[in-house]
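Here is the structure we will look at, set down as structure tokens.
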């Protein structure tokens, strides 16, 4: 089954609101990464959190990792219309490759 | 650096034809990945290379798919013969290990993708 499943599948909010996306996975990991994909483009790396970290910040992004629950969340604060994109979590199990989830489609209305 | 370069950006072909997708990874990166993305199946890892050697090709759907990496700056993904169900966006990505003997996979840098349509 899919390692790394995002929730919700789609999220629609107004500009200025916060957006929270969740990711669950099944096996132990070395790190978890979040990527963003704008329509018609390749994926762009946003942030990486290692298995021994619990929280990480980057600008308006905040990522948490709970290894006991095998889950992560991505929070985008004060969202902007330009944040409209698909967001993917990806897990690294130490094999040299990442396993991506199905993604959350975020729509931010101006 | 120009980032990961893929060509062509769009390819339209007829069923049964051979299709070759090309990728130039970021200079100095020692991992190269080929992915396929469709609405139905999402983002799937097809194959990846480390130092030009294929490490895991378990995601390659059929023998019709083959990938090569003759040198550190070039890789191809070939489909022969192509079928309509191969229609998808194919991404190439590259990464590097930050530290010697590191166990973490570094972030992956994706190319713009090749949109393949097989009629």
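The values are calculated or read from the model by the stated rules, or taken from the named source; none is laboratory data. All of these numbers come straight from a predicted model, not from anything done at the bench. No Cβ is skipped: glycine too gets one built from the backbone with ideal geometry, and neighbour counts run over all protein chains shown.
Here are a few things to note about the model shown:
Quick grid of which residues meet (1) modelled with pLDDT of 95 or more; (2) surrounded by fewer than 15 Cβ atoms within 10 Å (Cβ to Cβ); (3) within 18 Å of residue B:43 (Cβ to Cβ):
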position: B:56; (1), (2), (3): no, no, yes
position: B:65; (1), (2), (3): yes, no, yes
position: B:70; (1), (2), (3): yes, yes, no
position: B:83; (1), (2), (3): yes, yes, no
position: B:86; (1), (2), (3): yes, no, yes
position: B:94; (1), (2), (3): no, no, yes
position: B:102; (1), (2), (3): no, yes, no
position: B:107; (1), (2), (3): no, no, yes
position: B:113; (1), (2), (3): yes, no, yes
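- Some residue of the stretch A:72-84 being modelled with pLDDT under 95 and either assigned to a loop (DSSP other than H, G, I, E, B) or within 14 Å of chain B (Cβ to nearest Cβ) (or both): no
- Among the residues listed as A:101, A:59, A:94, the single one being at the interface with another protein chain (Cβ under 9 Å from one of its Cβ atoms) and either without any contact (Cβ under 8 Å) to a residue 60 or more places away in the chain or surrounded by fewer than 20 Cβ atoms within 10 Å (Cβ to Cβ) (or both): A:94
- The stretch B:8-46: number of residues that are in contact (Cβ under 8 Å) with a residue 24 or more places away in the chain and closer than 23 Å to residue A:97 by Cα: 20
- Test: residue in the stretch A:18-31 that is in contact (Cβ under 8 Å) with a residue 24 or more places away in the chain, within 11 Å of chain B (Cβ to nearest Cβ) and part of a strand (DSSP E or B): yes
- Strands (runs of 3 or more DSSP E) contained in the stretch B:15-119 and holding at least 3 residues more than 11 Å from every other protein chain (Cβ to nearest Cβ) and in contact with a helix residue (DSSP H, G or I) (Cβ under 9 Å, 6 or more places away or on another chain): B:114-118
- Taking the criterion of being surrounded by fewer than 20 Cβ atoms within 10 Å (Cβ to Cβ) and either closer than 10 Å to residue A:23 by Cα or touching a helix residue (DSSP H, G or I) at 6+ places or on another chain (Cβ under 7 Å) (or both), the residues of the stretch A:65-91 that qualify are A:70, A:71, A:73.
- Qualifying residue in the stretch A:46-61 (condition: out of contact with any strand residue (DSSP E or B) (no Cβ under 7 Å at 6 or more places or on another chain) and part of a strand (DSSP E or B)): yes
- Residues that are facing chain B (nearest Cβ under 8 Å) and more than 22 Å from residue B:42 (Cβ to Cβ) within the stretch A:32-56 comprise just one, A:50.
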